[in-house]
Number of protein chains: 4
Amino acid sequence: MQIDYQNIIEKAYRQTQPLKDPGKLADYIPELANVDPGQFGVHYTNLDGADFGMGDNQVRFSIQSIAKVLSLTLAYKMVGEKIWERIDVEPSGTKFDSLLLLEINNGIPRNPFINAGAMVVCDILVSHLINARMEFLDFVRDLSDLPDLAYSDTIADSEKAHGHRNVALCNFIKSLGNIQNKPAEVLDFYFDMCSLEMNCRELSRTFSFLANGGVKVSDQKEIISTNMSKRINALMLTCGFYDESGEFAFKVGLPGKSGVGGGIVALYPRHFTIAAWSPRLNPKGNSFKGMKFLEEFTNHSELTIF
Amino acid sequence: MQIDYQNIIEKAYRQTQPLKDPGKLADYIPELANVDPGQFGVHYTNLDGADFGMGDNQVRFSIQSIAKVLSLTLAYKMVGEKIWERIDVEPSGTKFDSLLLLEINNGIPRNPFINAGAMVVCDILVSHLINARMEFLDFVRDLSDLPDLAYSDTIADSEKAHGHRNVALCNFIKSLGNIQNKPAEVLDFYFDMCSLEMNCRELSRTFSFLANGGVKVSDQKEIISTNMSKRINALMLTCGFYDESGEFAFKVGLPGKSGVGGGIVALYPRHFTIAAWSPRLNPKGNSFKGMKFLEEFTNHSELTIF
Amino acid sequence: MQIDYQNIIEKAYRQTQPLKDPGKLADYIPELANVDPGQFGVHYTNLDGADFGMGDNQVRFSIQSIAKVLSLTLAYKMVGEKIWERIDVEPSGTKFDSLLLLEINNGIPRNPFINAGAMVVCDILVSHLINARMEFLDFVRDLSDLPDLAYSDTIADSEKAHGHRNVALCNFIKSLGNIQNKPAEVLDFYFDMCSLEMNCRELSRTFSFLANGGVKVSDQKEIISTNMSKRINALMLTCGFYDESGEFAFKVGLPGKSGVGGGIVALYPRHFTIAAWSPRLNPKGNSFKGMKFLEEFTNHSELTIF
Amino acid sequence: MQIDYQNIIEKAYRQTQPLKDPGKLADYIPELANVDPGQFGVHYTNLDGADFGMGDNQVRFSIQSIAKVLSLTLAYKMVGEKIWERIDVEPSGTKFDSLLLLEINNGIPRNPFINAGAMVVCDILVSHLINARMEFLDFVRDLSDLPDLAYSDTIADSEKAHGHRNVALCNFIKSLGNIQNKPAEVLDFYFDMCSLEMNCRELSRTFSFLANGGVKVSDQKEIISTNMSKRINALMLTCGFYDESGEFAFKVGLPGKSGVGGGIVALYPRHFTIAAWSPRLNPKGNSFKGMKFLEEFTNHSELTIF
C-alpha cells in the first residue's frame, strides 16, 4: 500500500485535538487522578521502519491493562495451547455476568484480558518462573529494546492499597480452584505488571511483533509463532476494549488494547501499529480522544481488517 | 495472492470428511431433525470469478440464522446508522445474561444476530416495507441471482408451532418498548426469513458482496457502502457464532455466520467467500464439521484477517 | 385475648389517614390509573364474629394478585401436595433472577405468588376443570358468600391488551415444559382471575377460612385441611409482598397478600383477618397507606405471629 | 397449651432416627469432615422450665451460622434500628444473584444471615467494641449461662486457611463501601464467631430469650426489646435456612436457624425452643435428620405459628 500515513495521522489528530472532551480521569488511585488531563499523543510505527508521532507522544503514562497482552504473550510462549485449559477465548458480555460465569465455569475466566483472566495468566507465570516480577520485566525490556523500563512502585503500591475488588476476584478464583499460588503473591505480581509505564512511541514499537507475525522487528527474533500472534490479535479484536470491544471492531476495525491510564494500541497485521494516549476516559473506561482519533484515522485511511 | 485454493480446500475437506462426528442434529422441529445427517458440502467463491466446491455443495438446506445477515443488510441500507439506536453492536456474552441485559438496556438487544436483535431488525423492516415478506424475498433473490429462491412454508410453519421461546422474547421486547408492530406480525416475518433455503454454492455467491466492499460481484451494483459492509463484517466476526464467536475468530480468523441448519459462511475481505454445510451441531450450536473444515482451511492457507 | 380491636384500628387509621402519600397509582392500564387515589378503607373480621371497618371499606376495587391465593387454594385442594412438583415454595429474591431461575429450574417457578407461579396454577386449573373461568368464580362466590361476585371484563380486557410481559412469561414457561395448555388459554384465565373486585369487608371475610384452619366461618365447611391452610399462610408470609415480603414479616409480622390495585389482606391464625385498601403504591408495588396502617395496627396491638 | 411434649418428641425422634440418611458431611474443612456422622441429638426447652432431650443432645458441635443470630442480637442491641441502613431484611433468593445484588445495592446485603450480611454485622461489632472477639464471647457466655464457653481455635484456623470465598466476599463488600474496618480484621472475628461450640441443650436454652420476648429466662434480664425480638424471629423465619427457608416455613412453620455443622434451633414464640443436631447435610446445606425431626415434631404437635 502506498499511503501517505503522515498526512492521514496529522488530519485525524487535528480533527480530534480540539474536540470538547467529556471524559473523566480514572480516579480510584491518586496517581491516575492527578495526571494532567489535557495531554494527547499519538504514534505510528510501520513495519518498514517509517515512524511518526504527534503531540505528547513521548510522555510516559501508566499502560495498565495494555500490559496484559504482554503477560499473555510470555505465558502463551511458555505454556503453549495448554493455556486455554485455564482461560477461555470468548468476549465477556458485561460485568454483570462475570462472577456468575466464573462460578458456572469452575473458575475459568471468559478471556485473558478481563481481570480474572489476567490474574490466571499471572498465576501461570508465578508458577513457571523463579522470579516472575523480574523475569517478566526482562522479557518486556528485551521486547521493547528499553533496558531501563521499570515498574512504577508508587502506582503498584497505590493499587495494592485500593484494590479490594481485585483481592476479592483473585480469592474467588482461588476458591474455584483456578489459582495455584497464594492469592497475595499473584496479586502482587498482577499489580506490578499493570504499573509499567511507556510513551506512545515505545508502545507502538513494542507491539510491532504482533503486526509482524510474532517476530520482533528490530532484530528479527521470533517471540512467538505466527499462529500464536494471529490468535492474540483475534483476542484483542474480540476482547480488547472491555464492554466496548464490539464498538471498536465496528468503528475502527483493528485489533487493539486499551488501558485505564488512557492508552490504546492498535495494529494492522503485516503493516503497522499505532498508539494513542489521552487520559480522560469515556463511560466504558476507554480514552475518549484515543477512540475518536483511531476512528478518524480509519475513516481517512480506510485501513481496517474488514 | 497466488494460492492454490483448490488444493487447500481438497486437503481440508479430505481431512475433515472422515472425522467421527459427535455432533447432534437440531431437533426442536421435525424438519431439521429429519435431515440426512451425513451430508457435508463446501464451496469457495473468489472475487475474481474462481469457484470451487466439493461434496454436497449443491444440496439445499435451511440457512436459518445466516439469513439474519441479509435482513440486517436490507434494514441497514434503508435506515442507515440510525438503526444502532435500537440495536447495540456488542458480543452477547452468554444466554444467561440476555434477558437481564434486555431489561437493563430498555429493550436494546446486544447485537443484531442474537434472536432479540434479529427480531428488532424484522420489526424495522415490517415498519418500512409494505410487504416485508415479499420485499425481503425479492431483495435476496436479486442479491443471489436466484429468481426462484423461496421460503420453506413447511419449516416456517413448524417454527411457528414450536417457537414459544421466540414468542416470549418478542413479547418481552414489546413490553420494553423496542418492538413497534404487533409481536405476531413481527414473528411471522421472522420465522419466514429464517426458513430460506440455499446450497453452499448459492450461499458463498450470495455473500460475495460483503467481501467486495458492499458491491454485488455479478453486476457491480452497490448494495451498501464499503463502510457499511466493513461494519457488517466486524459484527460477524464478534457476534456471528453465538457463544463460540471468540473461538471462531481465534481458530479461523474470518468474519462469518452460522445457522442451526448446519450451514456456515465466512469471508476474507477483498478476496473470497467460503461456505460449508454439515447438519450435525457441536454443543454450542454450530456445525461440527463446518467448523473443523474452516479451521483446517485456515491452517493450510494461513489466510486470516489477523 | 381480650383486646379492644376497635380502638386499636381507629387509632391506627387516624394516624395513617393524614400521612402525606408519596405513592403512585399503578398506571399500566387505564382502569387502575383512573381510580380516585385518595380512597382508604380498612376492615377487621374476628373469627368470633366481631366485624369492624372504617373509611372506604365498602368500595370495591380490583383485588388483582390477592386472587392468586384463592386460585392456589382451589388448585391445592384439587391436586394436593403433587402441586409442588410444578411450583417451588421459596421466596423469589428479586425480579432480576426470576427468568434465569426459571431456566435453570426447568420452568419450575420459585413460588405460587410470583406471576410465573400463578400462571402454572392457572394451567393446572385449566387442565382439571371443564370451565376454569366459571368454576373458579363459583368457588370464590361460595367461599365469600357473595353470589353476585364477578370478573371485571373491562379490566381483564385491558390487561390482555397491555400484557406483553405476561404473554412473554407464559410462553417462556411453555417452552420450558411447565405449561400444558395453550398459552393463550392460560393467559385468558389468568387475566380473568386477577380482575375480581371486592371491598375490604368482603376481602377480610373471604380470607377468614385461612385464619380458621381451612374451615369457612359462616357455615363451618372445610375448604382445605388445617395443614394446607397453615402452608398457604407460610407462603403468604415468605412470598406475599413481592420484593418487600421480608419487610412485611419484619414490620407487620402477619401472613398476608397484596395486589397492585392497592389492596392488602393479612391474618392472625386462629384469631382474625384484616384488610386495607388505598390505591397509591410504594416503590415496591404495595399500597403505601395499607402497609403503614398495618404497621401501626401491629405496633399498637403487639399482635404478631412472632 | 397442655401438651405432652415429651411424648411428641420421643415419637418424632424414633421416627427420624432409623431413616436412611442420604446427607453428606460438610467437607470444606477437616474439622467438620471428621465428625462422627451418625450422631443425632434433640433438646426441647419450655419457657416454664420443662426441659427434655434425647440422643446425642449433650455432645458439643460447631454451631457455625447459628451464631449469626447472636452476633446480630448484640449489634442490633448496640446500634438499634440504624443497623438496617447497612443490611436489608429480605430473603436472598439464590446464591446466583447475591454478588450481582450486592453490586446493584451498593454493598447492602439482602439480610443479616447470608455471609455478606453476617460480615457487615461483624464489621459493626468491630467498630463499636474495643475487643470484639472477647466482648462477643462474654455476651454469649452471659446469655447462655455458660462461663466456660469458648471459640474453637482449631476450627477458626482451619476456616481461615480455607476461606478464600469469604475473603473474596469481604473484600468485595469493602470495595463497595459497606465494610469500614480492614477486611482481614473483620474476617478474623467472623471466623471466630462461627467457631463457637454448643450442644443441643445449651443451644435451646441460649435461644430461649427469643421465645421470651427478648428476656433471658434464667434471670429475667432484658437482652433486647420485645419488638426487636419479634423482628429477629421474623428474619429467622424468612431467611434462616439458606435457599430452603421457604421450605422450612412451609413444612415446619417455626422461626429457626441452621448451621453447616448440622445444628438447627427453632422456637415457638411465648412457648418453647427446640434444637436438633445431626451432622449429615441435605443438598441445601441443612441437617437432613434435623429437618426431618422438626417436620415430624410439627406434624404431631400441630404447633406452628401459622
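The values are calculated or read from the model by the stated rules, or taken from the named source; none is laboratory data. What you see is a predicted model; the values in this text were computed from it and never measured. Cβ placement follows ideal geometry from the backbone for every residue including glycine, while neighbour counts extend to all protein chains displayed.
Scanning region B:170-180 for residues that are more than 19 Å from B:Ala67 (Cα to Cα) and either part of a helix (DSSP H, G or I) or in contact with a Gly (Cβ under 7 Å, 6 or more places away or on another chain) (or both) returns B:Asn171, B:Phe172, B:Ile173, B:Lys174, B:Ser175, B:Leu176, B:Gly177, B:Asn178. Listed by first and then second residue, the pairs with beta-carbon distance under 6 Å, at least 6 apart or on different chains, first residue in region C:9-36 and under 10 Å from C:Lys289 (Cα atoms), second part of a loop (DSSP other than H, G, I, E, B) and not charged (D, E, K, R), are C:Gly23/C:Asn282.
Could you list all residues from region C:10-59 that are assigned to a helix (DSSP H, G or I), surrounded by 17 or more Cβ atoms within 10 Å (Cβ to Cβ) and modelled with pLDDT of 95 or more? Correct list: C:Ala12, C:Tyr13, C:Thr16.
Matching residues to (1) out of contact with any helix residue (DSSP H, G or I) (no Cβ under 6 Å at 6 or more places or on another chain); (2) assigned by TED's automatic domain parsing to the domain that holds B:Ile104:
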{"position": "B:Ile155", "(1), (2)": "no, yes"}
{"position": "B:Ser158", "(1), (2)": "no, yes"}
{"position": "B:Ala161", "(1), (2)": "yes, yes"}
{"position": "B:Asn171", "(1), (2)": "no, yes"}
{"position": "B:Lys174", "(1), (2)": "no, yes"}
{"position": "B:Gly177", "(1), (2)": "yes, yes"}
{"position": "B:Leu203", "(1), (2)": "yes, no"}
{"position": "B:Leu210", "(1), (2)": "no, no"}
{"position": "B:Val217", "(1), (2)": "no, no"}
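The rows are residues; the columns are (1) within 24 Å of B:His128 (Cβ to Cβ); (2) away from chain A (no Cβ under 14 Å).
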{"position": "B:Ala161", "(1), (2)": "no, yes"}
{"position": "B:Leu169", "(1), (2)": "yes, yes"}
{"position": "B:Lys182", "(1), (2)": "yes, yes"}
{"position": "B:Glu222", "(1), (2)": "yes, yes"}
{"position": "B:Ile232", "(1), (2)": "yes, no"}
{"position": "B:Phe250", "(1), (2)": "no, no"}
{"position": "B:Gly256", "(1), (2)": "no, no"}
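Considering each residue of region C:240-255 in turn, none proves to be closer than 22 Å to C:Phe61 by Cβ, among the acidic types (Asp, Glu), over 15 Å from the mean Cα position of the chain (by Cα) and surrounded by fewer than 24 Cβ atoms within 10 Å (Cβ to Cβ).
Run down A:Ala266, A:Ala275 and say which single residue is in contact (Cβ under 8 Å) with a residue 24 or more places away in the chain, assigned by TED's automatic domain parsing to the domain that holds A:Gly23 and touching a His at 6+ places or on another chain (Cβ under 6 Å). Unique residue meeting the criteria: A:Ala275. Looking across region A:146-159, the residues that are surrounded by fewer than 18 Cβ atoms within 10 Å (Cβ to Cβ) and either touching a Lys or Arg at 6+ places or on another chain (Cβ under 7 Å) or part of a helix (DSSP H, G or I) (or both) come down to A:Pro147, A:Asp153, A:Thr154, A:Asp157.
Only one of the listed residues (A:Ser175, A:Ser204) is within 14 Å of chain D (Cβ to nearest Cβ), surrounded by 20 or more Cβ atoms within 10 Å (Cβ to Cβ), of a type in the set (Gly, Ala, Ser) and at negative phi. That residue is A:Ser175. Within region A:119-150, being without any contact (Cβ under 8 Å) to a residue 60 or more places away in the chain and either β-branched (Val, Ile, Thr) or touching a strand residue (DSSP E or B) at 6+ places or on another chain (Cβ under 6 Å) (or both) holds for A:Val120, A:Val121, A:Ile124, A:Ile130. Checking region D:69-80 against the condition returns no match, with no residue being of a type in the set (A, V, I, L, M, F, W, C) and outside any helix (DSSP H, G or I). Taken over region D:175-203, the criterion of being basic (Lys, Arg) and without any contact (Cβ under 8 Å) to a residue 60 or more places away in the chain is satisfied by D:Lys182 alone.
Reported count of residues in region B:258-287, each being touching a Leu at 6+ places or on another chain (Cβ under 9 Å), within 14 Å of chain A (Cβ to nearest Cβ) and closer than 19 Å to B:Asn111 by Cβ, is 2.
Across region B:278-306, the number of residues qualifying as in contact with a strand residue (DSSP E or B) (Cβ under 9 Å, 6 or more places away or on another chain) and free of Cβ contacts under 8 Å to residues at least 12 places away in the same chain comes to 1. Residue count for region C:100-145, restricted to those that are of a type outside the set (Val, Ile, Thr), assigned to a loop (DSSP other than H, G, I, E, B) and touching a Lys or Arg at 6+ places or on another chain (Cβ under 9 Å): 5. Apart from one condition, A:Pro37 fits all of (1) under 19 Å from the mean Cα position of the chain (by Cα); (2) over 16 Å from A:Asp192 (Cα atoms); the exception is (1). For region B:81-99, the set of residues classified as outside any helix (DSSP H, G or I) and either touching a Phe, Trp or Tyr at 6+ places or on another chain (Cβ under 6 Å) or at pLDDT 85 or above (or both) consists of B:Arg86, B:Ile87, B:Asp88, B:Val89, B:Glu90, B:Pro91, listed by residue number.
Residues considered: C:Tyr76, C:Tyr44. Of these, the only one that is away from chain D (no Cβ under 14 Å), out of contact with any His (no Cβ under 6 Å at 6 or more places or on another chain) and of a type in the set (Ser, Thr, Tyr) is C:Tyr44.
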